[in-house]
Structure formats: C-alpha cells, structure tokens
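Please treat every number below as a calculation from the coordinates, not as lab data. Quantities reported herein were computed from a predicted structural model and do not represent experimental measurements. When we count neighbours, we look across all protein chains shown, and the Cβ atoms used for this are built from the backbone with ideal geometry, even at glycine.
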Amino acid sequence: MTIITENLTKRFGELTAVDSLTLSVAQGELIGLVGSDGAGKTTTLRMLAGVMDPTSGEAQVLGCPSTQLAQVQGEIGYMSQRFGLYPDLTVAENIRFYADLFDVPTVERVAREKRLLDFSGMAPFTNRLAGRLSGGMKQKLGLCCALIHTPKLLLLDEPTNGVDPGFLADPAGSAG
C-alpha cells in the first residue's frame, strides 16, 4: 500500500479537523478527497505529506510511519492549495529551484523541465516572474514543481482551482 491510515486525527485546540480517518490507497490508485470547506481535506494532505503531525492515530506513507516521513519526502510530490512558489523568480527559475531541492540529476533536468513546460502549456512563459502569473498559471507551475523529481506519490490540494477548463480536458492542447 502507498498510504495507510488508521484513526488518523488532528485537533487544533477544541476543534477536531480530522476525526479518526482510516483509509488505504494502493500503488497506482487515484483517489480524491471530497468535502465542504473545513472538512479536513487540506489537513489530511498536510499530515500525509509530512508537513503536519497528527494529534493521534497512525499513518504510513510509502511504507514509512508518519513520525519518520522525512525519510521519504524526496519521493512525495506535494502541491498545496495556496501558491507556495517564489514570486520574484521566473517560471524556469522556480522549476530549477525545486530540481535543486530534490537533487534531480543534472543530466536529466533539461529534458524533464521541457516535458513539464510543454505538458502544462507554460513553455511560452519560462521567463515570466511567477508573481505575475494568473491563478491558473500559478497552479500549473506548482504542478511542474511538484513533478520535477518524478515522485512515487503525488498529493494535490485543490489542483484545478483557477485552471482553464480546456487544460483539464486536454492538457496537451491538441483538442480543438
């Protein structure tokens, strides 16, 4: 299993954001967390990404207990719902920064960057400052950065927020 949780719980004082979540996700499986605002989706993803510790319960991600997720963080791609990139860096510089963070081999960087920029439709914007991108373009850049190290597990929080519906239907742009 890629993800296993048992009674995973997160409390913030009196507020219980995630209450006894038990689930399992197999390798290659695609799931979505659906719920209203405040239902605990983001909190759950943050715990699974190792950004936040649970209050109680157990989680295993890529075979690693949640208390030791630093060991597998290089194998997790996490895109938060809020733009977490550097607005004063260009699109290309942000991608290269994430490649550096995840020790992407130098010989693979150019090909990976090109593939991600082409896939996302961001190739024409490589020299634009990230802070000057539209909301949807920021999401696409965030996805490129989350994928640059070819993670085994991809956690996406609100990945379609602000993204052009045409991109969602055909990210390569080949449909007319």
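The table that follows gives values for the structure above.
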item	result
Estimated FRET transfer efficiency (T22, T160; beta-carbon r; R0 35 Å; 0.05)	0.85
Student exercise, the range 1-50 dipole from Lys, Arg, Asp, Glu Cβ charges, in Debye to nearest 20	120 debye
222 nm mean residue ellipticity, helices alone, for the chain (DSSP H n ≥ 4; -39,500 (n - 2.57); rounded to 500)	-9000 deg cm²/dmol
DSSP-assigned coil residues among GluC sites (Glu not before Pro) in the range 1-30, each with at most 15 further Cβ atoms within 10 Å	E14, E29
Straight-distance crosslink candidates among lysines, where the alpha carbon sits under 30 Å from K10 and sequence neighbours closer than 8 are dropped	K41, K138, K140, K152
Packing-based order for 102-115, 46-59, 124-137, using average beta carbon neighbours within 10 Å, highest first	46-59, 124-137, 102-115
